[in-house]
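Visitor: Starting off with a structure, shown below.
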Amino acid sequence: YTKDEALAWGAESGIATGSITAATSLASLATDSVFTPKYVLKYQPNSNLNLYANISKGYRPGSGETPPPPIFCATEYRAVGLTPADLSYYKPDSLWSYDVGEKFRTPDQRFSVNGSLFWINWKNIREFIDLACGFGAYINSAAARSRGGELEMSAAPLKGLVLNGGIGYTDSKIVNEGALDVPPVGSPIEQVAPLTGNFSALYERPWIESTNLLWGVDYVYTSHSYSTTNSPLMPRLRPAYSLVGVRLGIRKDSLECAFFVKNLFDVHPNLGDQLSNGAEDPGRPRWETGPPRTYGVEIRMGIGK
């Protein structure tokens, strides 16, 4: 924005002209210096069991940005108590992650169970403030915590049959709403499903002339979640969904040929609301979704030495 625009914003805001001149040439420049340690403790009581604990810190870099022009957004600047200098950059957001877990398998390698529990503290969350003047910017605001657990299992109960499954639970909440006051404390973190699960089964049996038949099925479940992409004050519910795939084929030596169907029931899940750049028709929200029912033939060939 120009010097005249900045001066106009200062006059309209009741700020002395001299106090705004230093902000007439804000540079979108930011420098980060972050220490990200990781601590790992492992214990192996025997060859089939591993226990571990991790503590680590992670972060996303900040960045400079162009603040909304004061000539158009003076009223909004006053309403949120921010200045163009405040919106010329955003700082890194960071988290501390704590988790404990185990990895176990039976001596015959036919069964395994992996489990873990985690706790994550997230602060200075990068949030987008959408101003009524039509402009917006990123700021560092809220804090959140996430906790839960995961369990994975694998089994080969019969010759030729392999089963895999997993389940995950996540309880994620806003613990400090920050400068924007939205979403309020206690709100779930957007786009995070509390419950996820997956299961797959593959069965292979001899057929004729050194040829094996293959049957496979896989299932993925994702529970509901919320999106604030279009409305921070009125989060949208993203319904739960399930995806099923099947596979039928033959294998002879290193050659495998299989017919597959993905998304068998032609589900159209909400994978993320699409940000509306203009007016959105009432009752007609827009969202990103995955591929429709897809089927085809896949051929694989292994190449030996």
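Visitor: Scanning region 102-138 for residues that are open to solvent by less than 40 Å² (accessible area, probe 1.4 Å) and touching a Leu at 6+ places or on another chain (Cβ under 7 Å), which turns out farthest from Leu82 (Cα to Cα)?
Guide: Among them, the one singled out is Gly115.
Visitor: In region 156-166, is there at least one residue being buried (at least 18 other Cβ atoms within 10 Å of the Cβ) and part of a strand (DSSP E or B)?
Guide: No, because not a single residue in region 156-166 is buried (at least 18 other Cβ atoms within 10 Å of the Cβ) and part of a strand (DSSP E or B).
Visitor: Same structure, new question: Please work out which residue is farthest from Asp253 (Cα to Cα), limiting yourself to region 174-194 and to residues that are surrounded by 15 or more Cβ atoms within 10 Å (Cβ to Cβ) and of a type in the set (D, E, K, R).
Guide: Glu177
Visitor: Tell me which residues, restricted to region 201-226, are under 23 Å from the mean Cα position of the chain (by Cα) and assigned to a strand (DSSP E or B).
Guide: Selection gives Asp218, Tyr219, Val220, Tyr221, Thr222, Ser225, Tyr226.
Visitor: (1) touching a helix residue (DSSP H, G or I) at 6+ places or on another chain (Cβ under 7 Å); (2) part of a strand (DSSP E or B): which one isn't true of Leu41, the others all being true?
Guide: (1)
Visitor: Specify which of the listed residues (Gly245, Gly197, Gly296) is at pLDDT 95 or above, outside any loop (DSSP other than H, G, I, E, B) and exposed (fewer than 13 other Cβ atoms within 10 Å of the Cβ).
Guide: Residue meeting the stated conditions: Gly296.
Visitor: If the Cβ limit is 7 Å and pairs must be 6+ apart or interchain, which residue in region 159-170 that is polar (S, T, N, Q) pairs with which residue that is in a strand (DSSP E or B) and buried (at least 16 other Cβ atoms within 10 Å of the Cβ)?
Guide: As it stands, the answer is Asn164/Ser154; Asn164/Ser200; Thr170/Ser146; Thr170/Gly148, since those pairs meet every condition given.
Visitor: Looking at Leu87, Leu95, which is the one that is crowded, with 17+ Cβ neighbours inside 10 Å and part of a loop (DSSP other than H, G, I, E, B)?
Guide: Leu87
Visitor: Residue by residue through region 81-139, note down the ones that are among the charged types (D, E, K, R) and in contact with a Ser or Thr (Cβ under 6 Å, 6 or more places away or on another chain).
Guide: Asp99, Arg105, Glu127, listed by residue number.
The values are calculated or read from the model by the stated rules, or taken from the named source; none is laboratory data. Because the structure is a prediction, the values reported are computed rather than measured. In this analysis, Cβ positions are derived from the backbone assuming ideal geometry, glycine residues included, and neighbour counts consider all displayed protein chains. Each accessible area value is taken on the protein alone, full model and side chains, heavy atoms only, with ligands, DNA and RNA left out. Shrake-Rupley method; radii C 1.70, N 1.55, O 1.52, S 1.80 Å.
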